[in-house]
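I have placed the structure first, in the form of C-alpha cells, so that the comments after it can refer back to it.
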Amino acid sequence: MSEALIESTHQYLTFCLGKEIFAVDVAKAREVLDNISITKVPQTPGYMLGVINLRGNVVPVIDMRLKFGMDAVERTVDTCIIVLEISVDGEAVVIGAQADSVQEVLDISAGQIEPPPRLGTRLNTEFIQGMGNCNEEFVIILDIDKVFTTEEIFLAQSLLKDVETGAP
C-alpha cells in the first residue's frame, strides 16, 4: 500500500460548551476530574475560577464558557475539569479547563478536517485548528496551546506562586 493512500488519524478528546462540541488533541489532556472543589482567588479575571489541589500541586482553573465569551451557567453533575498540559514559550504548563461535559475520544482523519471558518463564529479563529466533520456534526478542533495568551499564563503562574507562598 502506498503512503499516499494512508491517511493520518489523530485522537481528540471532545467536550461540550452549551450546544457546541469542541475537541483537543488527546495527547494534551492529562485527565478529567469530576466534582472537585475550586478555591477562589481574589482579583482574578472573571473567566479564572480559581485553583484546585491536584495531588499536592496547585492548578489554575479556567471556565471555558467565559473564556470563549459564552454565558455562565450553574455547575451540574456533568460539569468537569479537563486537566491540560499546554506549551507556552516552549515551557509545559498545567491548567484546568472547566467544561459543561466531556463526550468521548474520537479518531478524526485529516480528510475529515476542514479549515476554520472565516465568518460566523463567536470564537477567535486563531486558535481553531479546524472543523472536524464527524457523524454529520461539526466538532471545533482547538489548538489548545493558542487558546491562552502568554499574559494569561503568566497571570495564572503568578497567582500560583502567591497561593503557594500564602501571599495576599
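The values are calculated or read from the model by the stated rules, or taken from the named source; none is laboratory data. These figures come from a predicted structure and were not determined experimentally. Note that each Cβ is placed from the backbone with ideal geometry, even for glycine, and that neighbours are counted across all protein chains shown.
Scanning the stretch 43-96 for residues that are small (Gly, Ala, Ser) and touching a helix residue (DSSP H, G or I) at 6+ places or on another chain (Cβ under 8 Å) yields Gly46, Ala72, Ser87.
Taking the stretch 15-25 only, how many residues are in a strand (DSSP E or B) and free of Cβ contacts under 8 Å to residues at least 12 places away in the same chain? Number satisfying all stated conditions: 0.
Of the residues making up the stretch 26-38, those that are in a strand (DSSP E or B) and either without any contact (Cβ under 8 Å) to a residue 60 or more places away in the chain or out of contact with any strand residue (DSSP E or B) (no Cβ under 6 Å at 6 or more places or on another chain) (or both) number 3. Taken over the stretch 56-65, residues that are in contact (Cβ under 8 Å) with a residue 12 or more places away in the chain and not in a strand (DSSP E or B) amount to 2.
Scanning the stretch 14-37 for any residue that is buried (at least 19 other Cβ atoms within 10 Å of the Cβ), more than 30 Å from Ser109 (Cα to Cα) and at pLDDT 90 or above turns up nothing.
Cβ separations smaller than 7 Å between residues 6+ apart or across chains give the following pairs from the stretch 66-78 residues that are hydrophobic (A, V, I, L, M, F, W, C) to residues that are part of a helix (DSSP H, G or I): Ala72/Arg65; Ala72/Leu66; Val73/Arg65. Hey, among Ile86, Ile128, which residue is β-branched (Val, Ile, Thr), touching a residue at least 24 places away in the same chain (Cβ under 8 Å) and either within 27 Å of Gly46 (Cα to Cα) or in contact with a strand residue (DSSP E or B) (Cβ under 6 Å, 6 or more places away or on another chain) (or both)? Residue meeting the stated conditions: Ile86.
Among residues that are closer than 18 Å to Thr14 by Cα, out of contact with any Leu (no Cβ under 8 Å at 6 or more places or on another chain) and of a type in the set (S, T, N, Q), Thr79 is included. Residue-level analysis places Val41 outside the set of residues that are at pLDDT below 95 and in a strand (DSSP E or B). Look through the stretch 8-38, keep the residues that are hydroxyl-bearing (Ser, Thr, Tyr) and farther than 15 Å from Cys80 by Cα, and return whichever of them is farthest from the chain's Cα centre (by Cα). Ranking the qualifying residues of the stretch 8-38, first place goes to Ser8.
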